[in-house]
Amino acid sequence: MRHFLEFEKPIAELEGKIEELRRTTDAGGIDVADEVGKLRDKAEALLRQTYAKLSPWQKTLVARHPERPKALDYVRTLIAEWTPLAGDRAFADDAAVVAGLGRFRGHAVAVLGTEKGRDTEGRVKHNFGMARPEGYRKARRIMEMAGRFGLPILSFVDTAGAFPGIEAEARGQAEAIARSIEAGLDAPVPFVATIIGEGGSGGAIALAAADRVLMLEHAVYSVISPEGCASILWRDAAQAATAAEALRLTAEDLRKLNLVDTVVPEPLGGAHREPERMVEAVGDRIWSCLEPLLLLDGATLRARRREKFLEMGRAGVM
């Protein structure tokens with residue numbers, strides 16, 4: 001059974017009727033092909049109309065869709081000879097950050113991702129994609145290793161933010177995030193990051209201080225979640241839709257602000273409707289960004305990357 005979001009209820013009703021008619025055909029041999037075709041056309045038109053005018057809050061809900069492809073879905077499809085690596089060599093392994101080595105389009109690469117998990121067991125195991133300090137220290141370790149061995153870095157970001165628990169703060173959450181960002185900016189190798197779902201605050205940019213930042217059409221990327229922003233500004237999380245509007249967190253907004261480099265179109269109805277097609281499309285876009293970066297030396301990559309992020313800061317205060 002497909003999971004439908006609140007604003008998709010009219011679409012769900014039409015697709016439910018289509019399924020009922022199909023069952024009727026299977027059970028009694030009645031030919032309802034014409035009626036099914038009409039309903040399918042109507043459902044597609046409604047889907048197209050709905051997704052053409054999504055609000056920032058609705059895009060946030062799509063970015064969080066439980067059936068949306070997760071980081072490991074991209075890794076398993078796009079990365080050959082995948083070898084996972086674990087641990088920060090200091091405290092523990094954090095399953096919210098997945099890391100490893102493999103081959104992308106024939107090139108050896110280092111891979112990072114924030115993994116939310118697909119079912120209840122997976123979500124608990126991966127802490128819903130909210131990393132602790134050891135997760136960011138693992139990311140830093142992998143990025144530094146990639147620099148030593150000349151491996152391009154690919155990252156897949158999907159997190160509501162870093163884990164806010166007391167134990168994470170006690171183990172140096174802010175410092176770990178800052179060091180991970182520093183490692184990304186300092187890596188002497190090509191670095192391509194993709195925001196595949198939620199890009200939440202420092203927990204996201206810790207894995208996205210890259211030469212090229214891609215963002216899926218219905219992904220979101222923001223300094224804080226809409227609910228968190230609403231709780232601070234209005235003392236009411238129910239104002240999340242208003243906060244989402246003000247945060248300018250959509251791919252369209254962020255591309256206009258030059259905070260992301262490329263917006264990757266999603267299949268009609270979102271990535272969760274055609275996950276295999278979405279993963280392949282992301283792979284093609286990553287390669288189109290990575291290929292020219294492979295021609296640049298480490299010093300040039302670092303200088304350009306640092307200037308890119310410094311320019312964001314300059315633009316923000318102008």
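Looking at Glu144, Glu134, just one residue is outside any strand (DSSP E or B), more than 16 Å from Ala208 (Cα to Cα), modelled with pLDDT of 95 or more and over 17 Å from the mean Cα position of the chain (by Cα), and that residue is Glu134. The residue list Arg64, Arg103, Arg89, Arg68 contains one member that is at positive phi and touching a residue at least 24 places away in the same chain (Cβ under 8 Å), which is Arg89.
Kindly evaluate Ala206 against the criterion of being out of contact with any strand residue (DSSP E or B) (no Cβ under 6 Å at 6 or more places or on another chain), at pLDDT 95 or above and of a type outside the set (Val, Ile, Thr). The answer is yes for Ala206.
Reported count of residues in the range 72-97, each being within 30 Å of His3 (Cα to Cα), in contact with a helix residue (DSSP H, G or I) (Cβ under 8 Å, 6 or more places away or on another chain) and of a type in the set (A, V, I, L, M), is 4. Going residue by residue through the range 310-317, is there one that turns out to be surrounded by 12 or more Cβ atoms within 10 Å (Cβ to Cβ), small (Gly, Ala, Ser) and assigned to a helix (DSSP H, G or I)? Scanning the range 310-317 turns up no residue that is surrounded by 12 or more Cβ atoms within 10 Å (Cβ to Cβ), small (Gly, Ala, Ser) and assigned to a helix (DSSP H, G or I).
Regarding Ser180, is this residue small (Gly, Ala, Ser) and out of contact with any strand residue (DSSP E or B) (no Cβ under 7 Å at 6 or more places or on another chain)? Taking the combined requirement at face value, the residue satisfies it. Looking across Ala303, Ala315, one residue alone is modelled with pLDDT of 95 or more and out of contact with any Asp or Glu (no Cβ under 7 Å at 6 or more places or on another chain). It is Ala303. Among the residues of the range 2-50, those identified as of a type in the set (S, T, N, Q) and at pLDDT below 85 are Thr24, Thr25.
The values are calculated or read from the model by the stated rules, or taken from the named source; none is laboratory data. Treat the numbers as computed from the prediction; the structure is a model and nothing was measured. Cβ: placed from backbone, ideal geometry, glycine included. Neighbour counts: every protein chain shown.
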